[in-house]
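These notes concern the structure reproduced below.
Every read-out reported here was derived from the displayed coordinates using simple, explicitly stated rules and does not represent laboratory data. Only a predicted model underlies this, so the values are computations on that prediction, with no experimental measurement involved. Don't worry about glycine lacking a Cβ; one is built from the backbone with ideal geometry, like all the others, and counts go over all protein chains shown.
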Amino acid sequence: MPLYEHVLIARQDLSNAQAEGLIEHFGTVLSDNGGKLVDSEYWGVKTMAYKINKNRKGHYAMMRTDAPAPAVQEMERLMRLHDDVMRVLTIKVDAHEEGPSVQMQKRDDRRERR
């Protein structure tokens, strides 16, 4: 099955538990449609470069999935309909990277990658 990475931005007035609950909810949507959630990361509340729906900040989260295209399309459709999700970005990748994403690494570890 194809591998995907999804990044979503949720409204800032949600609690951390509610934002992480969104990840679990969309993971179950994938599993119901024949895919699986390989890994997920909650990046926390971050300031955005511009306002989206009158919000300056948002809860960021990333999901790594292994799912067929129809399952991903259904998950994206439900994300766009959900009131708490402001933006979604889905990227098809050849392979998932091991370990934490660049966003979760410490600054010292990032410099060593160069």
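Summary of computed values
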| item | result |
| --- | --- |
| Estimated FRET transfer efficiency (Q103, S15; beta-carbon r; R0 25 Å; 0.05) | 0.75 |
| Three-way shape label, the chain, alpha-carbon gyration tensor, a/c 1.5 | oblate |
| Separation of the V93 and Q73 label points, Cα + 7 Å toward Cβ, nm | 2.4 |
| 222 nm mean residue ellipticity, helices alone, for the chain (DSSP H n ≥ 4; -39,500 (n - 2.57); rounded to 500) | -10000 deg cm²/dmol |
| E24, E74 arranged by Cβ crowding within 10 Å, fewest neighbours leading | E24, E74 |
| Sorted by Cβ density within 10 Å, fewest first, the residues H96, H6 | H96, H6 |
| Charge context of V88, other residues only, Cβ under 15 angstrom, K/R +1, D/E -1 | +1 |
| Proximal lysines to K57, defined as alpha-carbon separation beneath 27 angstrom and excluding residues fewer than eight positions away on the same chain | K46, K92, K106 |
| Contour excess over end-to-end distance, with Cα ends at K57 and L3 and 0.36 nm allotted per residue | 16.6 nm |
| Debye, to nearest 20: dipole size of the chain, +1 on Lys, Arg Cβ, -1 on Asp, Glu Cβ | 780 |
